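Participant: One structure is given below, represented as structure tokens, and several questions about it will come after.
The values are calculated or read from the model by the stated rules, or taken from the named source; none is laboratory data. Note that the structure is predicted; figures quoted are calculated from it, not measured. We place every Cβ from the backbone using ideal geometry, glycine too, and count neighbours over all the protein chains shown. For accessibility, only protein heavy atoms count, side chains too; no ligands or nucleic acids. Shrake-Rupley method; radii C 1.70, N 1.55, O 1.52, S 1.80 Å.
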Amino acid sequence: MQYGIAMPASPPPASLPAAQNPGEAAPRRFATGRQFELRRDDALAVVTELAAGLRLYSRGGVQLTESYGDAEIPPGATGITLAPWANRVEDGAWYLNGKKQQLDITEVSRNNASHGLLRNAGYTLVDESEFSVTLEATVFPQHGYPFLVRHIVRYELDENLDLRVSQTMVNDSQMDAPVVLGAHPYLRLGEVAVEDLVLTVKAATRLVADERLIPRSTAAVEGDFDLSAGRAVGSLDIDVALTDLTFDGGVARHTLTAPDGRSVSLVQDQNCQYVHVFVTDTFPGRSKVVAIEPMTGPANAFNSGDGLRWLAPGETLTMTWGITASI
């Protein structure tokens, strides 16, 4: 089930290395490691060994997530999973029982520790079937995070051809461990210009962040941040965490809708009380992209405590999210 990905036309795969023997096709090489293909009817999902990331989800040949070439690592953190924290820790510093913990600075421009500790980790295959794959990676005790935890990620194409994802953190430490989980998918709707899509996110509160994207306070959503009635993506340039989400039947739904009525949505469960919305024109090869990031807690939760879960030894935390489409 792995390898041999039939990628959509955009973006094209990188050039393959020359064959070692004349007439022999060279194997495809992937900067993101082993590729796991899930196919069910006309649905396709491609999951990577690196960061247990979602490289592609499509339905009927319609690309529903942003992707990248074989020789690239995920640009803009496309599709990666985030653990044991989501987004940023200010200055990479936080305190454990009064003692300062110092994480590596991985967002140098803002002097933050960003996107957790598994962004550059290879995940191990735990289980694989025709329609699902489960991967796992361990965070070993280290400076800034002296805990032993495991992150287990399961992707599945369900009977409705929707993509379902569960992320579970297991605390294998002998002490309580702080955890925030998240994911970083970018959604699209085939070749429809992203600027022409309408983004709808039903949330009542936004986290007001400083220039380093560290939340400092909260405010009611208004103006460009009020997406509850839908806003054209072409008018947006935002990078904001939202909370007080509207849950219907235990699920919050965030949707991109095309002028012809087709749509793609990210859904998240009630363990994910936050969503980060990032609309940017800095994604390579694309005029604009939209990241919709489900999270159990916002940036800097290790310091603010917002959404932070302390797992007792042996305890687990699971968040579930997914992507659905009407095409």
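Participant: Against the definition (surrounded by fewer than 19 Cβ atoms within 10 Å (Cβ to Cβ) and farther than 22 Å from Ala43 by Cβ), how does Thr296 come out, yes or no?
Facilitator: Against the criterion (surrounded by fewer than 19 Cβ atoms within 10 Å (Cβ to Cβ) and farther than 22 Å from Ala43 by Cβ), Thr296 does not qualify.
Participant: Now, a different point. Scanning for something at pLDDT below 95, farther than 18 Å from Ala299 by Cα and more than 22 Å from the chain's Cα centre (by Cα), does region 130-151 turn up at least one residue?
Facilitator: yes
Participant: Ser263 - would you say it is open to solvent by 10 Å² or more (accessible area, probe 1.4 Å) and either at pLDDT below 95 or of a type in the set (D, E, K, R) (or both)?
Facilitator: For Ser263, the condition - open to solvent by 10 Å² or more (accessible area, probe 1.4 Å) and either at pLDDT below 95 or of a type in the set (D, E, K, R) (or both) - is not met.
Participant: Right, another one. Looking only at region 87-103, filter to residues that are polar (S, T, N, Q) and either part of a strand (DSSP E or B) or open to solvent by 20 Å² or more (accessible area, probe 1.4 Å) (or both); which one of those is farthest from His151 (Cα to Cα)?
Facilitator: Asn97
Participant: Moving on. Among the candidates Thr257, Thr246, Thr316, Thr280, single out the residue that is surrounded by fewer than 19 Cβ atoms within 10 Å (Cβ to Cβ) and closer than 25 Å to Gly76 by Cα.
Facilitator: Thr280
Participant: Now, a different point. Filter region 213-224 for residues that are modelled with pLDDT of 95 or more and either open to solvent by 50 Å² or more (accessible area, probe 1.4 Å) or aromatic (Phe, Trp, Tyr) (or both) and give the result.
Facilitator: Passing the criteria: Arg216, Ser217, Thr218, Ala220.
Participant: Here is a check on your reading of the model: is Ser129 of a type in the set (Ser, Thr, Tyr) and touching a Lys or Arg at 6+ places or on another chain (Cβ under 9 Å)?
Facilitator: no
Participant: If I filter region 75-86 for residues that are at pLDDT 95 or above, surrounded by fewer than 20 Cβ atoms within 10 Å (Cβ to Cβ), under 17 Å from the mean Cα position of the chain (by Cα) and on the phi < 0 side of the Ramachandran plot, do I get at least one hit?
Facilitator: Yes - at least one qualifying residue is present in region 75-86.
Participant: Just the residues that are within 15 Å of His276 (Cα to Cα) and of a type in the set (Asp, Glu), please, taken from region 211-244.
Facilitator: Asp224, Asp226, Asp237, Asp239, Asp244
Participant: Restricting to region 106-125, name every residue that is among the hydrophobic types (A, V, I, L, M, F, W, C) and over 20 Å from the mean Cα position of the chain (by Cα).
Facilitator: Val108
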